[in-house]
Ligand code: BDR
Ligand code: CA
């Protein structure tokens, strides 16, 4: 199985992605790291811990990382600026999409086991250093932890077997007209990560907006016992209330599905640069497929085989439910 570290901000679609990774015999989760994003770091970490115990992989370490972005003063509320409490909060969260606690209507028991000590960036560095070329890093939240890791130890770029993200878009955004949430939440970190010298496998909204959890998919989840009724269905139904009318896009699951079966996603080489200064376009992933003689820094997803994607996801979930 391909060994992976999942850097995440659960998050409804993060939960769907973690469940997929856990259930797939093609992947072995060697660590989960958390970042503030969809909701604050305390909640994303608590959710990762809950998922770990609910799904039953308590031996896999969960390590918390950055609460907020690398540089930016993200605290939009002027009256909240410069207070310690505000600095601990997630700046641009997506609690409107993921629910106050991050997992929509899912009610997983509180976790018993604590996170591992230390910072996510150090976990990433140490784990990749111990097995150069073997471990894939996949980031499905804002890129702060990954940026810190590559700034502190640039060799992680060579040690990673592959680095893949769910983030960005070359057509339209979801946080703003130009920017996707994970990039918009911390554009400077994204710029560091795209400029680090590796080739970033970039699955963005252009791909993930094709994979919608429409009604018949939710019906199949409903028949999956507690996995369906306590986790999957309340997650997707909550997500569905606030996103697309045909059903929500399960973004983060697309990045994990790609790692399980790369043939699901079509990738094209491109130069991706992150807008960090734009007045209307901050966090935009400016994607040049023309290359103009420049070496690509990314393989960018352009399409996904939707029927095969859902077949993979649902059969994997059914296996988890039947265990
Ligand atoms: C991304 O933003 C988050 O809200 C989701 O969890 C996903 O990682 C989609 O734009
Ligand atoms: Ca996410």
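The values are calculated or read from the model by the stated rules, or taken from the named source; none is laboratory data. Computed from a predicted model, the values in this text were never measured in an experiment. Every residue, glycine as well, gets a Cβ built from its backbone with ideal geometry; the counts of neighbours run over all protein chains shown.
Within the stretch 1-16, how many residues are in contact with a strand residue (DSSP E or B) (Cβ under 7 Å, 6 or more places away or on another chain) and near ligand 1 (Cβ under 9 Å from one of its atoms)?
Number satisfying all stated conditions: 3.
Any residue at all in the stretch 105-122 that is in a loop (DSSP other than H, G, I, E, B) and within 13 Å of ligand 2 (Cβ to nearest atom)?
There is no residue in the stretch 105-122 that is in a loop (DSSP other than H, G, I, E, B) and within 13 Å of ligand 2 (Cβ to nearest atom).
Scan 23, 56 and give me the residue that is more than 15 Å from ligand 2 (Cβ to nearest atom), surrounded by fewer than 17 Cβ atoms within 10 Å (Cβ to Cβ), under 19 Å from residue 235 (Cα atoms) and at pLDDT 95 or above.
On inspection, the qualifying residue turns out to be 56.
Could you run through the stretch 123-149 and say how many residues are over 18 Å from the mean Cα position of the chain (by Cα), in contact (Cβ under 8 Å) with a residue 12 or more places away in the chain and assigned to a helix (DSSP H, G or I)?
Number of matching residues: 4.
Among the candidates 191, 257, 178, 184, which residue alone is more than 16 Å from ligand 2 (Cβ to nearest atom), closer than 23 Å to residue 145 by Cβ and in contact (Cβ under 8 Å) with a residue 12 or more places away in the chain?
Exactly one of 191, 257, 178, 184 is more than 16 Å from ligand 2 (Cβ to nearest atom), closer than 23 Å to residue 145 by Cβ and in contact (Cβ under 8 Å) with a residue 12 or more places away in the chain, namely 191.
Consider residue 68 against the criteria (1) more than 18 Å from the chain's Cα centre (by Cα); (2) assigned to a loop (DSSP other than H, G, I, E, B); (3) at pLDDT below 95: it satisfies all of them except one. Which criterion is unmet?
The one condition residue 68 does not meet is (1).
Residues are listed down the side, and each one gets a yes or a no for (1) modelled with pLDDT under 95; (2) under 17 Å from residue 230 (Cα atoms); (3) surrounded by fewer than 24 Cβ atoms within 10 Å (Cβ to Cβ):
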position: 2; (1), (2), (3): no, no, yes
position: 5; (1), (2), (3): no, no, no
position: 8; (1), (2), (3): no, no, no
position: 16; (1), (2), (3): no, yes, no
position: 19; (1), (2), (3): no, yes, no
position: 27; (1), (2), (3): no, no, yes
position: 33; (1), (2), (3): no, no, no
position: 37; (1), (2), (3): yes, no, no
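How many residues does the stretch 150-170 hold that are closer than 26 Å to residue 15 by Cα and in a loop (DSSP other than H, G, I, E, B)?
6
Counting only residues that are surrounded by fewer than 24 Cβ atoms within 10 Å (Cβ to Cβ) and away from ligand 1 (no atom under 16 Å from the Cβ), how many does the stretch 282-303 have?
14
So which residues in the stretch 187-228 are surrounded by fewer than 21 Cβ atoms within 10 Å (Cβ to Cβ), out of contact with any strand residue (DSSP E or B) (no Cβ under 7 Å at 6 or more places or on another chain) and part of a loop (DSSP other than H, G, I, E, B), if there are any at all?
195, 196, 197, 214, 223, 224
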